[in-house]
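The values are calculated or read from the model by the stated rules, or taken from the named source; none is laboratory data. Everything quoted here is computed from the prediction, not taken from an experiment. Note that each Cβ is placed from the backbone with ideal geometry, even for glycine, and that neighbours are counted across all protein chains shown.
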Amino acid sequence: MILRQQKLFTATLILSCIIFLGTWGSAEAQGGAVRLRLPFDGVRRITAYVDHRSPGAYDGNMVVYHGEERENCPGSGTAWTTQGPYCYDRHRGTDYALVLVPVLATAEGVVTLAQNQGGTIGNAVHIDHGNGYETRYYHLHSYSVAVNDTVSAGQQVGVSGNSGGQPYHLHFEVRYNGQVTDPFGWRGNWTDPIPGGPAECLWGDGQCSEIVIEDESAWFTKKLPGWQWYHQGYSWTMRYIGNMSSTPYPNWATWRPDLAYQGVYKVFAFVPAIHGTTTNARYVVHHVNGSKHETETVVSVNQSMYDDAWFDLGTYRFWDGLYGYVYLDNITGEPNGTKELSFDAIKFVQFRMFLPAIRE
Ligand SMILES: [Zn+2]
């Protein structure tokens, strides 16, 4: 029986490998691949995603790269204070939380614009990467390149800022043949609604294997009153609540993604730098075992030890959305009301992206 499971697992990996290679192949078929690095060094939080449903036009709703839909999004205002990262109707780019740090070219190319665009854009840089791809960097504090400059991947093009009357952040945008596209590609299990054809994964470092479920997501459910909200955490939005030593009626929440691919995922919990003081947050990962039967694994996290960090909850197999979710409640065993638990983003990373490690 064990041997059979190993064979199945190997077969799954080989199949995944073929799918994986096929994905890259189609990206190149689209017109010569561009491979992007991040427009900054280090780890930064995403504060808003590309709207796959009519980016650039208000239509009242939004679709995120992993397939989540949100109806009745307001059409204006600051994304993370009034709408959340999942409801930024008509957003054309990805926003990152950056304050006055170097902004880097995401691939080699030629600068086609470097000037103050006014309006809500402010200081902007555009780079043409060939093969129909262009990247744009908005709201810069300053830019350090000029039109017709040739830049290499990772070369500094400016400093992030708040121009265009924005809060400090970097708006990073990719165009393909003039149309807005999403460098995260499309992870939904239905047809990508983005105009101009399905978005392709353009990141060169495996970020497209990630699905992040925020506490603002429709795929996040919380129960019982008493929740607190705070303007920090992964997308500058987080929940927290006081602990209980034990009770039959805890506050609880689940993160339940609609995973497009059944298979093996690494699961991470984002622990914000604030309001997570418990030493025993018990995350319960619901997954399937080798026989596809639902099971659960409890992982205790000392939230007080982590500041804006992804905690690795382990590697698990998920068979479909029903059997792939994370649960957390506020029972910690510590004396009632002496600690707080933070409830922020949960990230699912497809294990097949780590295939090179087993190729030998
Ligand atoms: Zn933006």
Quick test for you: out of I127, I121, pick the one residue that is within 16 Å of the ligand (Cβ to nearest atom) and hydrophobic (A, V, I, L, M, F, W, C).
I121
Matching residues in region 149-174 - criterion: being more than 16 Å from the ligand (Cβ to nearest atom) and in contact with an Asp or Glu (Cβ under 9 Å, 6 or more places away or on another chain)
T150, V151, S152, A153, G154, Q155, V157
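Filter region 90-109 down to the residues that are surrounded by 15 or more Cβ atoms within 10 Å (Cβ to Cβ) and more than 15 Å from the ligand (Cβ to nearest atom), then identify the one that is nearest to N162 (Cα to Cα).
Quick first cut of region 90-109, residues surrounded by 15 or more Cβ atoms within 10 Å (Cβ to Cβ) only: 90-98, 101-109.
Narrowing the set further to residues that are more than 15 Å from the ligand (Cβ to nearest atom) leaves 101-102, 104-109.
Numbers: V101: 12, P102: 14, L104: 17, A105: 19, T106: 20, A107: 24, E108: 25, G109: 25 Å.
Here the answer is V101.
Applying the selection to region 255-276, what residues are at positive phi and either of a type in the set (S, T, N, Q) or modelled with pLDDT under 85 (or both)?
Step one: of region 255-276, the residues at positive phi are 263, 275.
Residue satisfying the conditions is G263 alone.
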Any residue in region 110-129 that's in the same structural domain as H169 (by TED's automatic domain parsing) and at positive phi: show its pairings with residues that are surrounded by 14 or more Cβ atoms within 10 Å (Cβ to Cβ) and not in a loop (DSSP other than H, G, I, E, B) at Cβ separation under 6 Å, as long as the two are six or more apart or on different chains.
G122/H139
I'd like to verify a number: residues in region 126-160 that are surrounded by 15 or more Cβ atoms within 10 Å (Cβ to Cβ) and more than 17 Å from D41 (Cβ to Cβ), how many?
13
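Just to confirm my filter: which strands (runs of 3 or more DSSP E) fall fully inside region 258-342 and include at least 1 residues that are within 20 Å of V212 (Cα to Cα) and in contact with a helix residue (DSSP H, G or I) (Cβ under 7 Å, 6 or more places away or on another chain)? Working first, answer last.
On the way: elements: 263-271, 281-288, 294-301, 309-318, 325-329.
Where strands (runs of 3 or more DSSP E) fall fully within region 258-342 and carry at least 1 residues being within 20 Å of V212 (Cα to Cα) and in contact with a helix residue (DSSP H, G or I) (Cβ under 7 Å, 6 or more places away or on another chain), they are 263-271, 281-288, 309-318.
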Can you tell me which residues in region 175-192 are closer than 24 Å to P257 by Cα, more than 13 Å from the ligand (Cβ to nearest atom) and surrounded by 17 or more Cβ atoms within 10 Å (Cβ to Cβ)?
T181, P183, F184, G185, W186, R187, G188, D192
